[in-house]
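Report on the structure given below.
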Amino acid sequence: MTTTRIAMWSCPRTVSTALLRSFSNRPDTVGVDEPLYAHYLATSGKQHPMRENVLASQSQDWSKVVERVLLAPVDKPIQFVKHMAHHLEGGVDSSFAMAPNMVNFFLIRNPREMLPSLFKDIGPLERFDTGFGRQLELYKRLKEEGRCAAVVDSTELLANPEGMLRSICAAVGIDFDPCMLQWEAGEHACYGVWAPAWYSKVLTSTEFRAHQPKTDTFPAELEALREWATGIYQELSAERLHAA
């Protein structure tokens, strides 16, 4: 069986888990949740919630993850992998993203909206915590290799889930399935062991929820980071898909 491998490269707080759940609701798809997370925690030293559980649940060797998960045989026609782009930190060679049957897309969100949420979750932020730099780096590499890569703005996805899902499916070369629009609440086999710490909203969801614009005052200590991230966001956003 030839497997279509879809790699979604996200920055944090972008409804990426809901999109993983959406794709995993397809009977022809196996979902994979952040397979490089243990590698990232081990190499960065970041003290994330459930750190020890994450380290024990996955290989901390990125090359073994590529061999045993990302390029390993799959018993369904489609493999959908939710990646956090900042998990490429720590010496990961992203050449696997160029595999013949691998298609990539990028999930972004305006830094004005995602940075305060991320700051609340993990505390003081550095550039690499946002994933924007790694997104742009990989996007440019794919372009140089002649590999078309789509960009999806999560706000537009929430504004029109069906239209954007149709556009995403067309971009990655698969048919849209209406079952992607609704799912059962609760745990799912595709979720990582860290779901109890991070997925409270998704665990109670049954569909994509409407976007709620941020109205709180933006933290002054994040202004410099926002300025840097916004430049990358705008560069990627210029290439984004629109709803079908």
* Asked: Given the conditions (1) within 19 Å of V30 (Cβ to Cβ); (2) surrounded by fewer than 16 Cβ atoms within 10 Å (Cβ to Cβ); (3) of a type in the set (S, T, Y), and given that Y199 satisfies all but one, which numbered condition is not satisfied?
  -> (2)
* Could you check how many residues of region 222-239 are in contact (Cβ under 8 Å) with a residue 12 or more places away in the chain and out of contact with any helix residue (DSSP H, G or I) (no Cβ under 7 Å at 6 or more places or on another chain)? => 2
* **Hits in region 52-67 - residues which are surrounded by 14 or more Cβ atoms within 10 Å (Cβ to Cβ) and farther than 16 Å from I122 by Cβ** => N53, L55, Q58, S59, Q60, W62, V65, V66
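Take region 68-97 and flag every residue that is hydroxyl-bearing (S, T, Y) and buried (at least 20 other Cβ atoms within 10 Å of the Cβ).
none
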* To do: Would you check which residues across region 220-229 are of a type in the set (A, V, I, L, M, F, W, C) and surrounded by 10 or more Cβ atoms within 10 Å (Cβ to Cβ) and list them?
  => L222, A224, L225, W228, A229
* **Residue identified as part of a loop (DSSP other than H, G, I, E, B) and either surrounded by 20 or more Cβ atoms within 10 Å (Cβ to Cβ) or in contact with a strand residue (DSSP E or B) (Cβ under 6 Å, 6 or more places away or on another chain) (or both) among P27, P35, P49, P100** => P35
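Residue-by-condition table, conditions (1) of a type in the set (D, E, K, R); (2) in a helix (DSSP H, G or I); (3) surrounded by fewer than 16 Cβ atoms within 10 Å (Cβ to Cβ); (4) modelled with pLDDT of 95 or more:
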residue	(1), (2), (3), (4)
I174	no, no, no, yes
C179	no, yes, yes, yes
A185	no, no, yes, yes
A189	no, no, yes, yes
S205	no, no, no, yes
H211	no, no, yes, no
T215	no, no, yes, no
F218	no, no, yes, no
* Asked: Within region 154-172, is there a residue that is modelled with pLDDT of 95 or more, touching a Ser or Thr at 6+ places or on another chain (Cβ under 6 Å) and not hydrophobic (A, V, I, L, M, F, W, C)?
  -> yes
* Here are F106, F119: which of them is touching a Leu at 6+ places or on another chain (Cβ under 8 Å), surrounded by fewer than 21 Cβ atoms within 10 Å (Cβ to Cβ) and of a type in the set (F, W, Y)? -> F119
* To do: Please enumerate the residues belonging to region 107-151 that are part of a strand (DSSP E or B) and either within 19 Å of R226 (Cβ to Cβ) or modelled with pLDDT under 95 (or both).
  => L107, I108
* Residues satisfying the stated conditions in region 124-179, i.e. without any contact (Cβ under 8 Å) to a residue 12 or more places away in the chain and among the polar types (S, T, N, Q) -> none
* Structure fact -> Of (1) of a type in the set (S, T, Y); (2) within 14 Å of I174 (Cβ to Cβ); (3) free of Cβ contacts under 8 Å to residues at least 12 places away in the same chain, S95 fails just (2)
* Structure fact -> A243: passes all of (1) in contact (Cβ under 8 Å) with a residue 12 or more places away in the chain; (2) farther than 24 Å from S167 by Cβ; (3) not in a helix (DSSP H, G or I) but (2)
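The values are calculated or read from the model by the stated rules, or taken from the named source; none is laboratory data. Please read all numbers here as calculations on a predicted model, not as lab measurements. Because the Cβ atoms are built from the backbone with ideal geometry, glycine has one as well, and the counts that use them run over all protein chains shown.
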